[in-house]
1. Quick check, is residue 244 among the aliphatic types (A, V, I, L, M), crowded, with 23+ Cβ neighbours inside 10 Å and part of a loop (DSSP other than H, G, I, E, B)?
2. Within region 302-335, can you find the residues that are part of a helix (DSSP H, G or I), more than 16 Å from the ligand (Cβ to nearest atom) and surrounded by 12 or more Cβ atoms within 10 Å (Cβ to Cβ)?
3. What number of residues within region 123-149 are of a type in the set (A, V, I, L, M, F, W, C), assigned to a helix (DSSP H, G or I) and in contact with a strand residue (DSSP E or B) (Cβ under 9 Å, 6 or more places away or on another chain)?
4. Taking into account only those residues within region 197-222 that are more than 16 Å from the chain's Cα centre (by Cα) and closer than 30 Å to residue 270 by Cα, which is surrounded by the most Cβ atoms within 10 Å (Cβ to Cβ)?
5. Would you confirm whether any residue within region 277-285 is in a helix (DSSP H, G or I), of a type in the set (Ser, Thr, Tyr) and either within 15 Å of the ligand (Cβ to nearest atom) or in contact with a strand residue (DSSP E or B) (Cβ under 6 Å, 6 or more places away or on another chain) (or both)?
6. So which residues in region 133-173 are within 20 Å of the chain's Cα centre (by Cα), away from the ligand (no atom under 14 Å from the Cβ) and free of Cβ contacts under 8 Å to residues at least 40 places away in the same chain?
7. Among the residues of region 180-189, count how many are more than 16 Å from the ligand (Cβ to nearest atom) and either surrounded by fewer than 24 Cβ atoms within 10 Å (Cβ to Cβ) or in a strand (DSSP E or B) (or both).
8. Which is surrounded by fewer than 24 Cβ atoms within 10 Å (Cβ to Cβ), within 11 Å of the ligand (Cβ to nearest atom) and under 23 Å from residue 189 (Cβ atoms), of 260, 294, 249?
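FYI, it's all coordinate maths here, none of it is from the lab. Only a predicted model underlies this, so the values are computations on that prediction, with no experimental measurement involved. All Cβ positions, even for glycine, are placed from backbone atoms using ideal geometry, and neighbour counts span all protein chains on display.
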Amino acid sequence: MRYTGLIERYKDRLPVNSNTNIISLGEGNTPLIKLNNIPKDIGKDVDMYIKYEGLNPTGSFKDRGMTMAVTKAVEEGSKAIICASTGNTSAAAAAYAARAGIKAFVIIPEGKIALGKLAQAMIHGAVILQIKGNFDDGMRMVKEVADHAPVSIVNSINLFRLQGQKTAAFEIVEELGDAPDYHCLPVGNAGNISAHWIGYSEYFKEGKSSKTPKMVGYQAAGAAPFVTGHMVDNPETVATAIRIGHPQSHHLALQIEKMSGGWFDSFSDEDILKAQKFLTEREGIFCEPASATSVAGALQDIQSGKIPEGSSVVCTLTGHGLKDPDTAIGQCDVKPILVNPDLNEVKQAILDNM
Ligand code: F0G
C-alpha cells in the first residue's frame, strides 16, 4: 500500500476523524539504521541504532509534529500559523503552510540559523521576521502576539505537535519488536523527548512493548539548563538548532527523567562536531550538529559503562546534515584538489591519495 504519512498510518491514535482534511507530505516512516562500525571501533557490545529523522520531507523531525499542527489549524479554520524557531520548525511550518494554502509567519534569531533552513523558509514563501534576539525572545513574542492576531501557534507548546511526534516511538517499537533499553536525544525545548515518552508509554500500557526506555537527553554545554539546573539567558553553541536557554517543556522533561530512570548531560561544541564527523566518516550518516549531540552522549555513556554492554540504544538524529553546510565544510581539513581535465593529472591525483 502507498505510504501517505503518519496521520493516515496512526489515525486511530491521533486527534483526527474521518472528515479531517489531512495536510501531509508523506512524513514519518524514517529508517532505523543499525550501526555496524562504531560499536566495534569503541570495543563495546551494544546494539546501537540511529533513527534518521533527517530523512523527513523537510529534513527534520519537525515534520511529524507539523503535519498534525497544520492539519488541526486548518480544521479549526485558521488562515495563518506562526512559530519562533532556531530553523527547522520554520522550515517545516513554511512547507506545510504552502501545502495547506495558508500563511506562515516565522520568527528567527538574526544570523543564528543554518543556511539550509533559511533557504527553506524563504523558498516556501514564509514571512520571515528576524529578531535581534535569540529563540527564547522569539518564543516570548509568539506567545504574546498570538493573543492579538489571528494566527495559530505551531511551536511545540501546541500539543498537537507532540501527538504527531510521538509516532516516532511507535515506529521504533514496531521495528525492534520492543522498546529499546535507552533512547538518546538532543534536547532544546524538550518537546521531542516528551513526545517520545508519550509514544513509548502509550505502547507500553497497551502491552505492545515489555518496557519503556530510559530517556537520555543531551544538550550543548553553552545551552544546558537541564544540566546546570537553571535557565540560561544567553545560550551559545555551534549546534544552533538547540541554542535554547529557557525550554518550554521544562517541567515535563524533568518528570520524564525521573519516571524513565534517565538523565541529562551536556557536551562541548568540539565534542558535538567530533561526533558528527565520526558518524559521517565511519557509518556514512550525515546529520546536523545538534543531532550529533545524541551520538556524542551515547558514545560517552557506553564507553564509561553507564549504558552497559548488551543494551539496545536508539539515538535520534533530528536533522539532516545538509541543513548546515557551512559548519560541515568548516570542520573538514581536506579541501577539493584542483586538477586540469587531463588523464595524467587525474591519475596522479588518485595515486597520490590512495
Ligand atoms: N535537534 C534539532 C535538529 C532541532 O531543530 C531541535 C529543535 C532539537 C534537536 C531539539 O528538539 O526542542 O524538541 O528539544 N529545534 C526547534 C526549532 C527549536 O525551532 O527548529 P526539542
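1. Yes.
2. Listed by number, the residues that qualify are 302, 303.
3. Number of matching residues: 6.
4. So the residue we want is 213.
5. Within region 277-285, none of the residues are in a helix (DSSP H, G or I), of a type in the set (Ser, Thr, Tyr) and either within 15 Å of the ligand (Cβ to nearest atom) or in contact with a strand residue (DSSP E or B) (Cβ under 6 Å, 6 or more places away or on another chain) (or both).
6. Scanning region 133-173 gives a single hit, 173.
7. 2
8. Only one candidate passes the filter, namely 249.
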